[in-house]
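The values are calculated or read from the model by the stated rules, or taken from the named source; none is laboratory data. Model, not experiment: these values are computed from the prediction. Ideal geometry is used to build each Cβ from the backbone, glycine not excepted, and the neighbour counts take in all protein chains shown.
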Amino acid sequence: MKVDILASGSNGNCIALSSGESIILVDAGIAKTKIEKRLLEVGITPNNVQAIFITHAHKDHTKGLPLANKYHIPVFAGADEWKDIHGVDEELRKTPPAILNDGTEYTFEVKCFNTHHDAYEPLGYVVKDLYLGLKCSICLDTGKVDQDMLQAMKDSDIYIIESNHVENMVAASDYPNSVKARILSDIGHLSNQQTANALSKLVQGKGEQIYLTHLSSSNNLPFLAKGITENALLKRGFIRDKHYKLEVIE
Ligand SMILES: [Zn+2]
Ligand SMILES: [Zn+2]
């Protein structure tokens, strides 16, 4: 399974997963023309995208959805989340789960789990590559990681998870108090520490690939996100590049 993170952060999130001719996007949070351009840069023809899975309705996850109408791509989101997603042609609106086959042996099975964020029905996704036997979990905006989420994500080969902020940096920032409270709440975003805690429960040291995403541009630094997760995994006896791989997406 090939992972291409086309955009990450509060300016937009878009992830392409491909296996054979099976190609899906998780979120479409940058302009349509940018998605088209970045897909072509990684060797994907926009016409070949089979489905788009939306985590939640916020603009940094949905801005590029006109892509769906243009190429007639089905869009999946939580049933309640559709209340807040506009402009997608009626016949393209779907709800997960889904099985996508490219006409060969490559098949994606996509299931969802509930996350905790200030949206109607925010979701994370578990994508299984049934042909290669690989599991990829995608957990973006969420204020906490609960047992059900851990259960859904466990045994993954690939984790794409937000590592949004350093709590002290948010507290000391210029943001209005209401915004600070929202980010730090149970329906806000994951701090580096929360992400590290979740990963230390999930990673088994079998060579998992971890992508830390959706870093705050003002309240985080890539080396901090990386260091906190590395430390948490080291406490479990896992060494980067030996037991797992880690990439911070800026
Ligand atoms: Zn959000
Ligand atoms: Zn977001």
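Of (1) within 14 Å of ligand 1 (Cβ to nearest atom); (2) without any contact (Cβ under 8 Å) to a residue 60 or more places away in the chain; (3) of a type in the set (D, E, K, R), Lys34 satisfies all except one. Which?
So the condition that Lys34 fails would be (1).
Would you point out which residue out of Thr213, Thr229 is within 16 Å of ligand 2 (Cβ to nearest atom), outside the structural domain of Gly12 (by TED's automatic domain parsing), crowded, with 21+ Cβ neighbours inside 10 Å and β-branched (Val, Ile, Thr)?
Numbers: Thr229 fails: within 16 Å of ligand 2 (Cβ to nearest atom).
Thr213 is the lone residue from the list that is within 16 Å of ligand 2 (Cβ to nearest atom), outside the structural domain of Gly12 (by TED's automatic domain parsing), crowded, with 21+ Cβ neighbours inside 10 Å and β-branched (Val, Ile, Thr).
Go through the range 55-66 and give me each residue that's touching a helix residue (DSSP H, G or I) at 6+ places or on another chain (Cβ under 6 Å), more than 11 Å from ligand 2 (Cβ to nearest atom) and within 19 Å of Gly9 (Cβ to Cβ).
Listed by number, the list holds a single entry, Gly64.
So how many residues does the range 232-244 have that are surrounded by 13 or more Cβ atoms within 10 Å (Cβ to Cβ) and touching a helix residue (DSSP H, G or I) at 6+ places or on another chain (Cβ under 9 Å)? Lay out the reasoning, then the answer.
Taking the range 232-244 and keeping what is surrounded by 13 or more Cβ atoms within 10 Å (Cβ to Cβ), we get 232-234, 236, 238, 240, 243-244.
Cutting the leftovers down to touching a helix residue (DSSP H, G or I) at 6+ places or on another chain (Cβ under 9 Å) gives us 232-233, 236, 238, 240, 243-244.
Looking only at that region, the number is 7.
Among Gly43, Gly12, which is surrounded by fewer than 24 Cβ atoms within 10 Å (Cβ to Cβ), touching a helix residue (DSSP H, G or I) at 6+ places or on another chain (Cβ under 6 Å) and outside the structural domain of Leu215 (by TED's automatic domain parsing)? Don't jump to the end; show me each part of the working.
Working: Gly43 fails: touching a helix residue (DSSP H, G or I) at 6+ places or on another chain (Cβ under 6 Å).
Going through Gly43, Gly12 in turn, the sole match is Gly12.
How many residues are within 19 Å of Ile160 (Cα to Cα) and more than 13 Å from ligand 1 (Cβ to nearest atom) if we restrict to the range 46-59?
3
Does Thr62 meet the test of being surrounded by 15 or more Cβ atoms within 10 Å (Cβ to Cβ), within 16 Å of ligand 1 (Cβ to nearest atom), under 20 Å from Val127 (Cβ atoms) and not aliphatic (A, V, I, L, M)? Outline the logic, then answer.
Details: surrounded by 15 or more Cβ atoms within 10 Å (Cβ to Cβ): yes; within 16 Å of ligand 1 (Cβ to nearest atom): yes; under 20 Å from Val127 (Cβ atoms): yes; not aliphatic (A, V, I, L, M): yes.
Spelling it out, Thr62 is indeed surrounded by 15 or more Cβ atoms within 10 Å (Cβ to Cβ), within 16 Å of ligand 1 (Cβ to nearest atom), under 20 Å from Val127 (Cβ atoms) and not aliphatic (A, V, I, L, M).
Could you pull out the residue among Tyr120, Tyr125, Tyr175, Tyr131 that is within 16 Å of ligand 2 (Cβ to nearest atom), surrounded by fewer than 18 Cβ atoms within 10 Å (Cβ to Cβ) and outside the structural domain of Ser200 (by TED's automatic domain parsing)?
On the way: Tyr125 fails: surrounded by fewer than 18 Cβ atoms within 10 Å (Cβ to Cβ); Tyr175 fails: outside the structural domain of Ser200 (by TED's automatic domain parsing); Tyr131 fails: within 16 Å of ligand 2 (Cβ to nearest atom).
None of the other options fit; the residue is Tyr120.
Do we find a residue being away from ligand 1 (no atom under 16 Å from the Cβ), outside the structural domain of Leu150 (by TED's automatic domain parsing), modelled with pLDDT of 95 or more and more than 23 Å from Asp148 (Cβ to Cβ) anywhere in the range 92-105?
Within the range 92-105 (the criterion being away from ligand 1 (no atom under 16 Å from the Cβ), outside the structural domain of Leu150 (by TED's automatic domain parsing), modelled with pLDDT of 95 or more and more than 23 Å from Asp148 (Cβ to Cβ)), the answer is yes, since at least one residue qualifies.
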